[in-house]
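Reading through the C-alpha coordinates given below for one structure.
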Amino acid sequence: MQQPATTALLRAATSTFESLVLLFPEPLAIEGAEFLPIAAAVDVAYGGAQTGRVAVAVTAGVLPALAENMLGAAAAPDGQLQRDALGELANVVTGNVLPLVHGAAAVFRLAAPVAAIPGPFHPRAGERQVAMVRLQMDEGEALLALFEQDGGAAPDDSGAGAARVAAAAA
Amino acid sequence: MTLNVLVVDDSAVMRAMIRRTLSLSGIALGEVFEAANGVEALQRLGDHWVDLALLDVNMPVMDGEELLSRIRASEEWRALAVIIVSTESSDTRLARLRAHGVEIVHKPFTPEQLRNTILQVTGLTHAAASNDSASSSGDFDF
(Lines give C-alpha, C1' and ligand atoms only; values in the text may rest on other atoms or scores of the structure.)
Protein backbone atom coordinates (compact mmCIF):
# COMPACT_ATOMS: atom_id res chain seq x y z
CA MET A 1 0.00 0.00 0.00
CA GLN A 2 1.37 3.38 -0.89
CA GLN A 3 1.59 5.98 1.82
CA PRO A 4 1.83 9.74 1.73
CA ALA A 5 5.46 10.58 1.23
CA THR A 6 6.13 12.22 4.58
CA THR A 7 4.55 9.35 6.50
CA ALA A 8 6.58 6.88 4.45
CA LEU A 9 9.84 8.75 5.02
CA LEU A 10 9.17 9.01 8.75
CA ARG A 11 8.40 5.30 8.96
CA ALA A 12 11.45 4.25 6.97
CA ALA A 13 13.75 6.60 8.86
CA THR A 14 12.50 5.66 12.31
CA SER A 15 12.70 1.95 11.59
CA THR A 16 16.21 2.26 10.21
CA PHE A 17 17.52 4.34 13.10
CA GLU A 18 16.04 1.90 15.60
CA SER A 19 17.02 -1.38 13.97
CA LEU A 20 20.24 -0.56 12.19
CA VAL A 21 21.94 1.86 14.56
CA LEU A 22 20.02 1.34 17.80
CA LEU A 23 19.08 5.00 18.16
CA PHE A 24 15.52 5.83 19.04
CA PRO A 25 14.27 9.03 17.44
CA GLU A 26 11.14 11.06 17.92
CA PRO A 27 9.72 13.25 15.17
CA LEU A 28 10.00 17.00 15.58
CA ALA A 29 8.06 19.77 13.90
CA ILE A 30 9.64 21.40 10.91
CA GLU A 31 7.53 24.51 10.79
CA GLY A 32 9.21 27.31 12.68
CA ALA A 33 12.09 25.12 13.78
CA GLU A 34 15.55 26.32 14.56
CA PHE A 35 18.04 23.70 13.50
CA LEU A 36 21.31 22.70 15.06
CA PRO A 37 24.43 22.86 12.88
CA ILE A 38 24.77 19.89 10.56
CA ALA A 39 27.94 17.82 10.94
CA ALA A 40 27.62 15.64 7.84
CA ALA A 41 25.16 14.91 5.06
CA VAL A 42 24.84 12.37 2.27
CA ASP A 43 22.70 11.86 -0.81
CA VAL A 44 21.56 8.53 -2.20
CA ALA A 45 20.42 8.93 -5.79
CA TYR A 46 18.10 6.43 -7.41
CA GLY A 47 16.65 5.67 -10.79
CA GLY A 48 14.13 3.31 -12.28
CA ALA A 49 10.41 3.77 -11.82
CA GLN A 50 11.21 7.30 -10.71
CA THR A 51 14.39 9.36 -10.46
CA GLY A 52 15.39 11.21 -7.33
CA ARG A 53 17.46 11.20 -4.20
CA VAL A 54 17.19 10.87 -0.46
CA ALA A 55 19.24 13.32 1.59
CA VAL A 56 20.19 12.60 5.18
CA ALA A 57 21.95 15.04 7.50
CA VAL A 58 22.89 14.66 11.15
CA THR A 59 24.22 16.87 13.89
CA ALA A 60 27.59 16.32 15.53
CA GLY A 61 26.49 14.02 18.33
CA VAL A 62 24.66 11.62 16.06
CA LEU A 63 27.49 11.01 13.60
CA PRO A 64 29.89 9.08 15.87
CA ALA A 65 26.98 7.26 17.54
CA LEU A 66 25.95 5.77 14.20
CA ALA A 67 29.32 4.18 13.61
CA GLU A 68 29.82 3.14 17.22
CA ASN A 69 26.52 1.34 17.33
CA MET A 70 26.79 -0.26 13.90
CA LEU A 71 30.28 -1.56 14.53
CA GLY A 72 29.98 -2.21 18.23
CA ALA A 73 33.05 -0.09 18.80
CA ALA A 74 34.04 0.90 22.30
CA ALA A 75 35.39 4.21 21.04
CA ALA A 76 34.27 6.39 18.17
CA PRO A 77 35.57 5.09 14.83
CA ASP A 78 37.50 7.52 12.65
CA GLY A 79 35.83 10.18 10.57
CA GLN A 80 35.76 8.15 7.38
CA LEU A 81 34.01 5.24 9.07
CA GLN A 82 31.55 7.67 10.63
CA ARG A 83 30.69 9.06 7.19
CA ASP A 84 30.47 5.54 5.76
CA ALA A 85 28.03 4.61 8.50
CA LEU A 86 25.91 7.63 7.66
CA GLY A 87 25.99 6.59 4.02
CA GLU A 88 24.83 3.08 4.83
CA LEU A 89 22.03 4.42 6.99
CA ALA A 90 20.94 6.66 4.11
CA ASN A 91 21.10 3.72 1.72
CA VAL A 92 18.85 1.62 3.94
CA VAL A 93 16.37 4.48 4.41
CA THR A 94 16.23 4.95 0.65
CA GLY A 95 15.67 1.29 -0.03
CA ASN A 96 12.85 1.21 2.48
CA VAL A 97 11.05 4.43 1.62
CA LEU A 98 10.75 3.91 -2.14
CA PRO A 99 8.38 0.93 -2.06
CA LEU A 100 6.28 2.72 0.54
CA VAL A 101 5.92 5.72 -1.76
CA HIS A 102 5.78 4.03 -5.16
CA GLY A 103 4.50 0.56 -4.38
CA ALA A 104 6.24 -2.79 -4.12
CA ALA A 105 6.07 -3.52 -7.84
CA ALA A 106 8.29 -0.58 -8.76
CA VAL A 107 11.92 -1.40 -9.46
CA PHE A 108 14.68 1.01 -8.47
CA ARG A 109 18.43 1.03 -8.66
CA LEU A 110 20.26 2.83 -5.88
CA ALA A 111 23.56 4.63 -6.39
CA ALA A 112 26.30 4.61 -3.79
CA PRO A 113 25.91 7.29 -1.12
CA VAL A 114 27.85 10.49 -1.76
CA ALA A 115 28.71 13.34 0.57
CA ALA A 116 26.35 16.25 0.18
CA ILE A 117 28.22 19.50 0.57
CA PRO A 118 27.00 22.11 1.14
CA GLY A 119 23.59 21.51 2.71
CA PRO A 120 21.54 18.90 0.88
CA PHE A 121 18.12 20.34 1.49
CA HIS A 122 17.80 22.65 -1.47
CA PRO A 123 15.93 21.12 -4.39
CA ARG A 124 18.20 21.14 -7.42
CA ALA A 125 17.21 22.19 -10.91
CA GLY A 126 14.37 19.99 -12.09
CA GLU A 127 13.71 18.56 -8.64
CA ARG A 128 10.89 18.95 -6.19
CA GLN A 129 10.97 18.16 -2.50
CA VAL A 130 8.25 15.63 -1.79
CA ALA A 131 8.91 14.89 1.88
CA MET A 132 11.01 16.03 4.79
CA VAL A 133 11.24 14.80 8.36
CA ARG A 134 13.18 15.96 11.36
CA LEU A 135 14.11 13.52 14.12
CA GLN A 136 15.41 14.10 17.61
CA MET A 137 17.26 11.58 19.71
CA ASP A 138 19.45 11.73 22.78
CA GLU A 139 22.54 12.23 20.64
CA GLY A 140 21.18 15.10 18.52
CA GLU A 141 19.06 15.59 15.44
CA ALA A 142 18.67 14.23 11.94
CA LEU A 143 17.03 15.71 8.89
CA LEU A 144 15.87 13.57 6.00
CA ALA A 145 14.36 14.67 2.71
CA LEU A 146 13.07 12.97 -0.40
CA PHE A 147 13.54 14.80 -3.71
CA GLU A 148 12.22 13.61 -7.05
CA GLN A 149 12.62 14.81 -10.59
CA ASP A 150 9.81 16.90 -11.98
CA GLY A 151 7.65 15.17 -14.52
CA GLY A 152 7.40 11.79 -12.86
CA ALA A 153 4.62 10.29 -10.81
CA ALA A 154 4.09 12.76 -7.99
CA PRO A 155 3.84 11.60 -4.42
CA ASP A 156 1.73 14.05 -2.48
CA ASP A 157 2.25 16.21 0.59
CA SER A 158 5.41 18.06 -0.36
CA GLY A 159 6.30 19.91 2.81
CA ALA A 160 5.16 23.44 3.28
CA GLY A 161 7.94 25.46 4.78
CA ALA A 162 10.54 23.48 2.90
CA ALA A 163 12.33 26.60 1.78
CA ARG A 164 12.73 27.75 5.35
CA VAL A 165 14.07 24.35 6.36
CA ALA A 166 16.43 24.36 3.43
CA ALA A 167 17.80 27.74 4.41
CA ALA A 168 18.29 26.65 7.99
CA ALA A 169 19.90 23.35 7.08
CA ALA A 170 22.34 24.72 4.51
CA MET B 1 30.12 -28.05 12.52
CA THR B 2 31.42 -24.64 11.54
CA LEU B 3 30.37 -22.55 8.58
CA ASN B 4 32.71 -20.69 6.28
CA VAL B 5 30.84 -17.55 5.25
CA LEU B 6 31.36 -15.08 2.42
CA VAL B 7 29.96 -11.58 3.02
CA VAL B 8 29.53 -9.55 -0.18
CA ASP B 9 28.62 -5.89 0.22
CA ASP B 10 30.12 -2.72 -1.20
CA SER B 11 29.87 -1.01 2.18
CA ALA B 12 32.78 -1.80 4.49
CA VAL B 13 30.64 -0.70 7.42
CA MET B 14 27.86 -3.10 6.47
CA ARG B 15 30.34 -5.95 6.01
CA ALA B 16 31.72 -5.23 9.47
CA MET B 17 28.22 -5.06 10.90
CA ILE B 18 27.22 -8.37 9.31
CA ARG B 19 30.44 -9.97 10.56
CA ARG B 20 29.66 -8.69 14.05
CA THR B 21 26.09 -9.90 13.84
CA LEU B 22 27.30 -13.32 12.75
CA SER B 23 29.62 -13.48 15.71
CA LEU B 24 26.72 -12.63 18.02
CA SER B 25 24.32 -15.06 16.40
CA GLY B 26 25.53 -18.13 18.23
CA ILE B 27 26.34 -19.89 14.98
CA ALA B 28 29.66 -21.67 14.95
CA LEU B 29 31.76 -19.89 12.35
CA GLY B 30 34.83 -21.07 10.56
CA GLU B 31 36.38 -18.40 8.37
CA VAL B 32 34.49 -15.29 7.31
CA PHE B 33 35.59 -13.88 3.96
CA GLU B 34 34.61 -10.51 2.53
CA ALA B 35 34.14 -9.09 -0.96
CA ALA B 36 33.06 -5.63 -2.11
CA ASN B 37 31.35 -6.74 -5.34
CA GLY B 38 30.50 -9.76 -7.45
CA VAL B 39 33.85 -9.99 -9.16
CA GLU B 40 35.70 -10.09 -5.87
CA ALA B 41 33.18 -12.61 -4.58
CA LEU B 42 33.86 -14.99 -7.46
CA GLN B 43 37.56 -14.72 -6.70
CA ARG B 44 36.98 -15.59 -3.05
CA LEU B 45 34.80 -18.54 -4.05
CA GLY B 46 37.57 -19.75 -6.32
CA ASP B 47 40.19 -19.49 -3.60
CA HIS B 48 38.32 -20.79 -0.55
CA TRP B 49 35.70 -23.29 0.49
CA VAL B 50 32.53 -21.39 1.37
CA ASP B 51 29.39 -22.92 2.95
CA LEU B 52 27.19 -19.83 2.91
CA ALA B 53 27.18 -16.55 0.98
CA LEU B 54 25.46 -13.38 2.17
CA LEU B 55 24.95 -11.08 -0.82
CA ASP B 56 23.96 -7.46 -1.18
CA VAL B 57 22.07 -6.61 -4.38
CA ASN B 58 23.12 -3.09 -5.30
CA MET B 59 26.86 -3.12 -5.83
CA PRO B 60 29.23 -1.61 -8.39
CA VAL B 61 31.24 -3.69 -10.91
CA MET B 62 28.99 -6.76 -10.60
CA ASP B 63 25.76 -6.60 -8.64
CA GLY B 64 24.25 -9.32 -6.49
CA GLU B 65 21.75 -10.47 -9.07
CA GLU B 66 24.40 -11.13 -11.69
CA LEU B 67 26.63 -12.75 -9.10
CA LEU B 68 23.80 -15.03 -8.09
CA SER B 69 23.20 -16.00 -11.72
CA ARG B 70 26.89 -16.85 -12.10
CA ILE B 71 26.85 -18.93 -8.93
CA ARG B 72 23.79 -20.89 -10.00
CA ALA B 73 25.21 -21.42 -13.48
CA SER B 74 28.41 -22.86 -12.05
CA GLU B 75 28.69 -26.60 -11.64
CA GLU B 76 30.93 -26.09 -8.63
CA TRP B 77 28.86 -23.53 -6.70
CA ARG B 78 25.28 -24.04 -7.86
CA ALA B 79 24.26 -25.70 -4.57
CA LEU B 80 25.83 -22.98 -2.41
CA ALA B 81 23.51 -21.71 0.33
CA VAL B 82 22.82 -18.04 -0.41
CA ILE B 83 21.05 -15.33 1.54
CA ILE B 84 20.34 -11.95 0.01
CA VAL B 85 20.90 -9.22 2.60
CA SER B 86 19.59 -6.08 1.01
CA THR B 87 17.29 -3.08 1.14
CA GLU B 88 15.67 -4.41 -2.04
CA SER B 89 11.88 -4.32 -1.70
CA SER B 90 10.63 -4.59 -5.25
CA ASP B 91 8.35 -7.60 -5.55
CA THR B 92 9.48 -7.98 -9.13
CA ARG B 93 13.14 -8.16 -8.29
CA LEU B 94 12.66 -10.25 -5.17
CA ALA B 95 10.71 -12.81 -7.17
CA ARG B 96 13.58 -13.02 -9.66
CA LEU B 97 16.04 -13.55 -6.83
CA ARG B 98 13.90 -16.16 -5.09
CA ALA B 99 13.69 -18.09 -8.33
CA HIS B 100 17.38 -18.82 -7.76
CA GLY B 101 16.58 -20.62 -4.53
CA VAL B 102 17.70 -17.99 -2.05
CA GLU B 103 16.26 -16.55 1.12
CA ILE B 104 16.11 -12.83 1.74
CA VAL B 105 16.94 -10.80 4.83
CA HIS B 106 15.81 -7.24 4.56
CA LYS B 107 17.94 -4.39 5.88
CA PRO B 108 17.61 -3.32 8.63
CA PHE B 109 17.68 -6.77 10.16
CA THR B 110 17.98 -8.22 13.63
CA PRO B 111 20.49 -10.89 14.68
CA GLU B 112 17.56 -13.23 15.25
CA GLN B 113 16.33 -12.78 11.68
CA LEU B 114 19.79 -13.46 10.29
CA ARG B 115 20.34 -16.52 12.47
CA ASN B 116 16.97 -18.04 11.69
CA THR B 117 17.48 -17.52 7.97
CA ILE B 118 20.93 -19.07 8.13
CA LEU B 119 19.50 -22.13 9.83
CA GLN B 120 16.78 -22.28 7.19
CA VAL B 121 19.07 -22.15 4.16
CA THR B 122 21.76 -24.40 5.57
CA GLY B 123 19.32 -26.96 6.94
CA LEU B 124 21.21 -26.98 10.22
CA THR B 125 19.45 -27.28 13.54
CA HIS B 126 20.18 -24.70 16.18
CA ALA B 127 22.11 -27.25 18.22
CA ALA B 128 24.21 -28.33 15.26
CA ALA B 129 25.01 -24.77 14.30
CA SER B 130 25.73 -23.40 17.77
CA ASN B 131 29.17 -22.67 19.07
CA ASP B 132 30.24 -23.45 22.61
CA SER B 133 30.31 -19.86 23.74
CA ALA B 134 26.83 -19.02 22.57
CA SER B 135 23.83 -18.96 24.82
CA SER B 136 21.66 -22.01 24.35
CA SER B 137 18.55 -20.00 25.16
CA GLY B 138 18.46 -18.40 21.76
CA ASP B 139 18.62 -14.92 23.27
CA PHE B 140 21.04 -12.32 22.02
CA ASP B 141 23.01 -9.70 23.82
CA PHE B 142 23.12 -7.18 20.99
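The values are calculated or read from the model by the stated rules, or taken from the named source; none is laboratory data. Please read these numbers as outputs of a predicted model, since none were measured by experiment. Note: ideal-geometry Cβ built from the backbone for every residue, glycine included; neighbour counts use all protein chains shown. Just the protein is used for accessible areas: all its heavy atoms, side chains included, with ligands, DNA and RNA removed. Shrake-Rupley method; radii C 1.70, N 1.55, O 1.52, S 1.80 Å.
So here's what we get for this one:
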read-out: Total formal charge among the other residues, if their Cβ is under 14 angstrom from that of B:Ser11, Lys/Arg +1 and Asp/Glu -1; value: -3
read-out: Antiparallel DSSP beta bridges within the protein assembly as shown, percent to nearest 5; value: 65
read-out: Euclidean distance of C-alpha centroids, region A:106-148 and region B:30-71, integer Å; value: 30
read-out: Distance in nm between pseudo-label sites at A:Ala75 and B:Glu103 (7 Å out along the Cβ direction from Cα); value: 3.9
read-out: For a label point 7 Å along the Cα-to-beta-carbon line of A:Thr7, residues of region A:93-124 with backbone N under 12 Å; value: A:101
read-out: Amide H within-cut-off set for B:Leu124, under 5 Å, with H built and near neighbours excluded; value: none
read-out: For region B:100-116, Karplus couplings with θ = phi - 60° (6.51, -1.76, 1.60), whole Hz, Gly/Pro x; value: 8, x, 10, 9, 10, 10, 8, 6, x, 10, 9, x, 5, 4, 5, 4, 4
read-out: Per residue value of the accessible surface for the protein assembly as shown (all protein chains in place, 1.4 Å probe), Å²; value: 41
read-out: Under the Karplus curve 6.51 cos²θ - 1.76 cosθ + 1.60, θ = phi - 60°, whole-Hz ³J(HN,Hα) for region B:3-9, x wherever Gly or Pro sits; value: 10, 8, 10, 10, 9, 10, 7
read-out: Positive-end residue of B:Thr92, B:Val61, B:Ala73, charge dipole of chain B with Cβ unit charges; value: B:Thr92
read-out: Under the Debye formula (equal points on every Cα, no solvent term), log10 I(q)/I(0) of the protein assembly as shown at q = 0.11, 0.16 Å⁻¹; value: -0.68, -1.30
read-out: Phi to ³J(HN,Hα) by Karplus 6.51 cos²θ - 1.76 cosθ + 1.60 over region B:13-24, Hz, x for Gly, Pro; value: 5, 5, 4, 5, 5, 5, 4, 5, 5, 4, 5, 8
read-out: FRET E, pair B:Gln43, B:Asp91, Förster distance 25 Å, beta-carbon r, rounded to 0.05; value: 0.20
read-out: Surface accessible to a 1.4 Å probe, B:Trp77 within the full protein complex, Å²; value: 50
read-out: Loss of accessible area when A meets B, both sides summed, Å² nearest 100, probe 1.4 Å; value: 1900
read-out: Amide H within-cut-off set for B:Met59, under 5 Å, with H built and near neighbours excluded; value: B:Gly64
read-out: Accessible heavy-atom area order of A:Glu148, A:Glu68, highest first, probe of 1.4 Å; value: A:Glu68, A:Glu148
read-out: Fraction of beta bridges assigned by DSSP in chain B that are antiparallel (%, nearest 5); value: 5
read-out: Nonlocal amide H pairs with A:Thr51, under 5 Å, H built at 1.01 Å; value: A:Gln149
read-out: Spin-label model distance (nm) - B:Gln120 vs B:Glu31, 7 Å beyond Cα toward Cβ; value: 2.9
read-out: All-pairs alpha carbon distance profile, region A:1-80, 10 Å steps from 0, percent; value: 14, 42, 33, 10, 0
read-out: Region A:106-147: C-alpha gyration tensor shape, a/c 1.5 cut-off, then a/b vs b/c; value: prolate
read-out: Low-density loop positions, GluC sites (Glu not before Pro), region A:1-64 - DSSP coil, at most 14 other Cβ in 10 Å; value: A:Glu31, A:Glu34
